[in-house]
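Data first, discussion second: the structure below is written as structure tokens.
Derivation of every value follows stated rules applied to the coordinates shown; laboratory data play no part. Here the structure is a predicted model, which is why all the values come from computation and not from measurement. Note that each Cβ is placed from the backbone with ideal geometry, even for glycine, and that neighbours are counted across all protein chains shown.
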Amino acid sequence: MWAFMSSRRQSVLVKSNEEGIQRVLTSDYAFLMESTTIEFVTQRNCNLTQIGGLIDSKGYGVGTPM
């Protein structure tokens, strides 16, 4: 998938989530995005939906000074 996408950077890659969402809403475009953001956006815009499940699942770590 990456080889295909990187060979067509100008037509498939976007610079921000907002740009990706606008392309989904205005054209024949599928946008891969982090799941928490997808949940947030689809709950606020009824014209968007998530297709399928998660591709991968990862945890987050937070570092703080002691």
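Find, among the chymotrypsin sites (Phe, Trp or Tyr not before Pro) in the chain, those assigned to loop by DSSP (not H, G, I, E, B) with at most 11 other beta-carbon atoms within 10 angstrom.
Values: sites: TRP2, PHE4, TYR29, PHE31, PHE40, TYR60; in loops: TYR29, PHE31, TYR60.
Taking the chain and a limit of 11 other Cβ atoms within 10 Å, the loop chymotrypsin sites (Phe, Trp or Tyr not before Pro) found are TYR60.
Using only Cα atoms and rounding to the nearest 10 degrees, what angle (0 to 90) does helix 17-26 make with the longest principal axis of the chain?
The answer is roughly 30 degrees.
Using a simple spin-label model with points 7 Å from Cα along the Cα→Cβ vector, what separation in nm is obtained for GLN43 and GLU19?
About 2.8 nm separates the two model spin labels.
Kindly write out, for region 51-66 in residue order, the coupling ³J(HN,Hα) from the Karplus curve 6.51 cos²θ - 1.76 cosθ + 1.60 (θ = phi - 60°), rounded to whole Hz, with x marking Gly and Pro.
Coupling constants for region 51-66: 9, x, x, 6, 7, 8, 10, 9, x, 10, x, 10, x, 9, x, 8 Hz.
Which one is right for this structure if Cα extents along the principal axes in Å is calculated from it: [x] 32, 27, 16; [y] 48, 32, 21; [z] 43, 28, 17?
Checked against the structure: label [y].
Given the DSSP H assignment, sum -39500 (n - 2.57) over each helix run of at least 4 residues in the chain and divide by its residue total; what's the result at 222 nm in deg cm²/dmol, nearest 500?
Numbers: 4 runs with 30 residues, N = 66.
Counting only the DSSP helices, I get -12000 deg cm²/dmol.
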